[in-house]
Amino acid sequence: MKTENQRAWIFVLPVLILVAFNALVPLMTVVNYSVQETFGNNQFFWAGLRWFEEILQSERFHAALGRQLFFTFTILIIEIPLGVAIALAMPRKGLWVSVCLVLMALPLLIPWNVVGAMWNIFTLPKIGLLGWTMNNWLGIPYNMTVSPVAAWITVIMMDVWHWTSLVVLLAYAGLISIPEAYYQAARIDGASNWSVFRYIQLPKMKRVLTIAILLRFMDSFNIYTEPFVLTGGGPGNSTTLLSIDLVKVALGQFDLGPAAAMSLIYFVITLAVSWLFYTLMTRNEQ
Amino acid sequence: MAKITLESLYHSYLPNPAGLEDYVLKEIEISWKDGGAYALLGPSGCGKSTLLNIISGLLTPSRGRVRFDDADVTSLPPDQRNIAQVFQFPVVYDTLTVYDNLAFPLRNRGVKESRVDTRVHEIATMLELEDSLTTRASNLTPDNKQKISMGRGLVRDDVNVIMFDEPLTVIDPELKWKLRSKLKELHQKIEVTMIYVTHDQTEALTFADEVVVMQDGEIVQIGTPVELFERPHHTFVGHFIGSPGMNILPCEVVEGAAFFRGHKVELEGAILKPEGRTEIGVRPEFVRLDKTGIPAVIRKASDIGRHTVVEAMVADIAVNAIFYGPPPAKGTEVYLSLVADKTRLYSDNWISTEASE
């Protein structure tokens, strides 16, 4: 009989403990809250699935979810093609490669709340470069604190500015891993630039793009800091995305039960979409 | 189809090559007959792939001309030269089916779909890919992928030349042999010029009617496999082809006769220019263990199947001989005789005896 060495478990134990304390225990606490009602004083009463039913039927949740989906969908539609286009335009060898890579990496290095603050100042109608230019120079009224459209445009521009780089870097990594022979064969076969993109570059980038879309989906679906600093969810509720709404419920109103139920629903949606997408993208691979 | 001529071709990868040593190709002068099967043989880094890329148009030579028949194509891009090239690693369009892969070069050139269909089926039959026409190319084994790369070249009926750049590198040994004979068979069937680049002498010698041996960016010898084996023009060819390679033995030339460690050696013919460093070249196949001749001591005998390679020491120099039958024991004193009309003199590495015929 084959004896298996079980010692490996000892080596994973520290990670298991770490994960337990920073993920499993907090998650279980949330599950615990989601089925209880509290009126303070650390007294809890059993509530069953009431909070879940309430959240799933709440118009406020539906609206926030709708805004969230619109936001995520819009930034994906912009960032993925834009990222691929920039990656295609970047040089493959020479001095400019490092210059481009550093320039691309810069937005990724800026802390999220700083990004929010930067864009907030950038768009201020009186002193912000963009805000002042739009209002005073081009004569287009542009004020985030008044107009929901302006707020939305700014939130999306900010995300595109901050995160397209990630798509660029991933797509670029996919592109430079294509052996030169593919391009040579395509030239000999008389392929057009479009054919080269369609039949060589895109298929070879598929894996990294899958990762890029997944990361951008999860990150944008859970986004909090940047829009919170930028618009605080306003004007009104117009840019209140799911996570902002969640924090309002949990910390603003201190409704722990509904907030916990909402987080779990939120979590399940993120997980389900990611899983579905990944399964669809990789179903053709052995 | 066309005759391919390379005229005083030089190539350097440096923008401003200074001396001859900056060139990876030096003074290449060669012409390939229409419909021939050629091999370009040489060690890694000798410039053979560079030469291939110049013929296909992927590279423009620093100096010199490339002609297809009488047309100068030196500056034409690859898609206008009507050539095909198969690379070291199989190149297939992963997301397309085998059928679409084979149809790709034709569709890019706007060939009518009915014609595409007939050609694809013809080529698929030839390559035994009929059954997998509807499978996605990414699901194929490396040898079948390499067949598709070949097929994309063959499918165009107007190709001037098909070039193979070490195409069997990633193929399993038992399939290598199969694919090589397939290639040979295809060549006989369609009679298009084929140039096969390799560093493997077996591949070169079995595939080609004529082999071009290259070293350090220069052509050392062009000849049939038999010529290269029998009468290498350069010690490099002697070394590189054959297993074990030719014995290259230092010698002195005194009054028109060659002496190896004091023993007179009969050569195939008169010595032409006994200048520089002189050496005797004789293949192990033509060294006999005999009753008389050059005295030697057996140092090693390696049984390699059908025959034994015997290493005998003449003073301090090892001479290989191929021996059939039970080999003599280590330390045995023997006499070596060299077959005179297969023994040549080389001065400064180049042959300098008159041919025997």
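The values are calculated or read from the model by the stated rules, or taken from the named source; none is laboratory data. What you see is a predicted model, and the numbers here were worked out from it, not measured in a lab. Quick reminder, even Gly has a Cβ in these numbers, built from the backbone with ideal geometry, and neighbours come from all protein chains shown.
Quick look at the numbers
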read-out	value
Region B:159-173 residues that are at pLDDT 80 or above, paired with ones that are of a type in the set (Ser, Thr, Tyr) and not in a strand (DSSP E or B) (beta carbon under 9 Å, 6 or more apart)	B:VAL161/B:SER56; B:MET163/B:SER56; B:ASP165/B:SER49; B:GLU166/B:SER49; B:PRO167/B:SER149; B:ASP172/B:THR141
Looking only at region A:184-221, and only at residues there that are surrounded by fewer than 16 Cβ atoms within 10 Å (Cβ to Cβ) and polar (S, T, N, Q), the one that is nearest to the other protein chains (Cβ to nearest Cβ)	A:SER192
Residue satisfying all of: in region B:57-106; within 30 Å of B:THR141 (Cβ to Cβ) and among the acidic types (Asp, Glu); surrounded by the most Cβ atoms within 10 Å (Cβ to Cβ) among these	B:ASP94
Region B:41-53: number of residues that are crowded, with 19+ Cβ neighbours inside 10 Å and either over 14 Å from B:ASN160 (Cβ atoms) or more than 21 Å from the chain's Cα centre (by Cα) (or both)	9
Verdict on B:GLU285 being in contact (Cβ under 8 Å) with a residue 60 or more places away in the chain and among the acidic types (Asp, Glu)	no
A:ILE213 modelled with pLDDT of 85 or more and under 16 Å from the mean Cα position of the chain (by Cα)	yes
Region A:174-183 - residue that is surrounded by 15 or more Cβ atoms within 10 Å (Cβ to Cβ) and hydrophobic (A, V, I, L, M, F, W, C) and, of those, farthest from the other protein chains (Cβ to nearest Cβ)	A:LEU175
Search result, residues across region A:16-49 that are among the aromatic types (Phe, Trp, Tyr) and in a strand (DSSP E or B)	A:PHE44, A:PHE45, A:TRP46
Long-range neighbours under 7 Å by Cβ, at least six apart or interchain, first residue within 30 Å of A:LEU202 (Cβ to Cβ) within region A:56-80, second modelled with pLDDT under 90 and not in a helix (DSSP H, G or I)	A:GLN68/A:LEU241; A:PHE71/A:LEU241
Flag if B:ALA315 is over 32 Å from the mean Cα position of the chain (by Cα) and either within 16 Å of B:ASN247 (Cβ to Cβ) or surrounded by 15 or more Cβ atoms within 10 Å (Cβ to Cβ) (or both)	yes
Qualifying residue in region A:236-257 (condition: of a type in the set (Asp, Glu), assigned to a loop (DSSP other than H, G, I, E, B) and within 25 Å of A:LEU24 (Cβ to Cβ))	yes
Residue list for region A:220-239, filter: closer than 21 Å to A:ILE78 by Cβ and among the polar types (S, T, N, Q)	A:SER220, A:ASN222, A:THR225, A:THR231, A:SER238, A:THR239
Failed item, numbered, when B:LEU9 is tested on (1) within 14 Å of another protein chain (Cβ to nearest Cβ); (2) in contact with an Asp or Glu (Cβ under 9 Å, 6 or more places away or on another chain); (3) surrounded by 14 or more Cβ atoms within 10 Å (Cβ to Cβ)	(1)
Filter result (out of contact with any His (no Cβ under 8 Å at 6 or more places or on another chain) and within 17 Å of A:THR225 (Cα to Cα)) within region A:66-111	A:ARG67, A:GLN68, A:PHE71, A:THR72, A:ILE75, A:LEU109, A:PRO111
Conditions (1) exposed (fewer than 12 other Cβ atoms within 10 Å of the Cβ); (2) at pLDDT 85 or above; (3) over 22 Å from the mean Cα position of the chain (by Cα): number failed by A:LEU88	(1)
Matching entry among A:ALA105, A:ALA117, A:ALA47 (being in contact (Cβ under 8 Å) with a residue 12 or more places away in the chain and touching a strand residue (DSSP E or B) at 6+ places or on another chain (Cβ under 8 Å))	A:ALA47
Every residue from region B:156-179 that is more than 21 Å from the chain's Cα centre (by Cα) and within 13 Å of chain A (Cβ to nearest Cβ)	B:ARG156, B:ASP158, B:VAL159
Test result for A:ARG216, more than 27 Å from A:THR239 (Cα to Cα) and in a helix (DSSP H, G or I)	no
Test: residue in region A:170-181 that is among the aromatic types (Phe, Trp, Tyr), out of contact with any strand residue (DSSP E or B) (no Cβ under 8 Å at 6 or more places or on another chain) and closer than 27 Å to B:GLY110 by Cβ	no
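Each row is one residue, and each column tells you yes or no for (1) among the small types (Gly, Ala, Ser); (2) surrounded by 17 or more Cβ atoms within 10 Å (Cβ to Cβ); (3) closer than 17 Å to B:GLN85 by Cβ.
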| position | (1), (2), (3) |
| --- | --- |
| B:LEU179 | no, yes, yes |
| B:ILE195 | no, yes, yes |
| B:THR206 | no, no, no |
| B:VAL213 | no, yes, no |
